[in-house]
Amino acid sequence: MKMKVLMVCLGNICRSPLAEGLLKAKVDAKKVTVDSAGTGNYHVGDAPDPRSVAVGKKHGVDITDQLGRQFTKQDFQDFDFIYVMDNSNYRNVIELASSEEEKNKVSLILDKVFPNEEASVPDPYTGGYHGFENVYLMLDEATDIIAEELA
């Protein structure tokens, strides 16, 4: 059975597209599907932030084919694992859950690196390029662990 993983941030143009691109590059596409979404509807249909595209490209990860979309209740049915970037995203996603089973699919992505610390991937949107590089490095480490677990 093909596993399905969803990465979620606020607008789906900075953090979750990088997480999607990183994990896609590390898993067998025949065995794992990876997508991303935002809890907000601010950037539906938009390409990833140019700074996310640039930092991905610098590290050999192409995210230019992605388009922003909003998280929906249907995502609980469509995905096995839902990784959120911060506590606000977590609360927004959990609010839409209809059961414990759905809630159990959702976790903070940095829990993979820092278990039980509720660490967040900071939103780099309002900052400079350096913030995107830091986000990339955090997500690279977390997606290494996720990819290994899915293998």
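Overview of results
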{"item": "Test: residue in segment 13-21 that is closer than 21 Å to A147 by Cα, open to solvent by 60 Å² or more (accessible area, probe 1.4 Å) and either in a helix (DSSP H, G or I) or of a type in the set (A, V, I, L, M) (or both)", "result": "no"}
{"item": "Tally, over segment 23-38, of residues that are touching a helix residue (DSSP H, G or I) at 6+ places or on another chain (Cβ under 6 Å) and either among the aromatic types (F, W, Y) or surrounded by 24 or more Cβ atoms within 10 Å (Cβ to Cβ) (or both)", "result": "3"}
{"item": "Whichever residue in segment 101-127 is without any contact (Cβ under 8 Å) to a residue 24 or more places away in the chain and part of a loop (DSSP other than H, G, I, E, B) and, among such residues, is surrounded by the most Cβ atoms within 10 Å (Cβ to Cβ)", "result": "A119"}
{"item": "Condition check for Y136: of a type in the set (S, T, Y), closer than 13 Å to C14 by Cβ, open to solvent by less than 70 Å² (accessible area, probe 1.4 Å) and within 16 Å of the chain's Cα centre (by Cα)", "result": "yes"}
{"item": "Unique match (being over 28 Å from E117 (Cβ atoms) and assigned to a helix (DSSP H, G or I)) among A25, A54", "result": "A54"}
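Results for (1) β-branched (V, I, T); (2) closer than 22 Å to E141 by Cα; (3) open to solvent by 70 Å² or more (accessible area, probe 1.4 Å); (4) touching a residue at least 60 places away in the same chain (Cβ under 8 Å), shown as yes or no for each residue.
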{"site": "D46", "(1), (2), (3), (4)": "no, no, no, no"}
{"site": "V53", "(1), (2), (3), (4)": "yes, yes, no, no"}
{"site": "Q66", "(1), (2), (3), (4)": "no, yes, no, no"}
{"site": "V84", "(1), (2), (3), (4)": "yes, yes, no, yes"}
{"site": "S88", "(1), (2), (3), (4)": "no, yes, no, yes"}
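The values are calculated or read from the model by the stated rules, or taken from the named source; none is laboratory data. Every value quoted in this text rests on a predicted model; they were computed, and no experiment measured them. Because the Cβ atoms are built from the backbone with ideal geometry, glycine has one as well, and the counts that use them run over all protein chains shown. Calculation scope for accessible area: heavy atoms of the full protein, side chains included, ligands and nucleic acids excluded. Shrake-Rupley method; radii C 1.70, N 1.55, O 1.52, S 1.80 Å.
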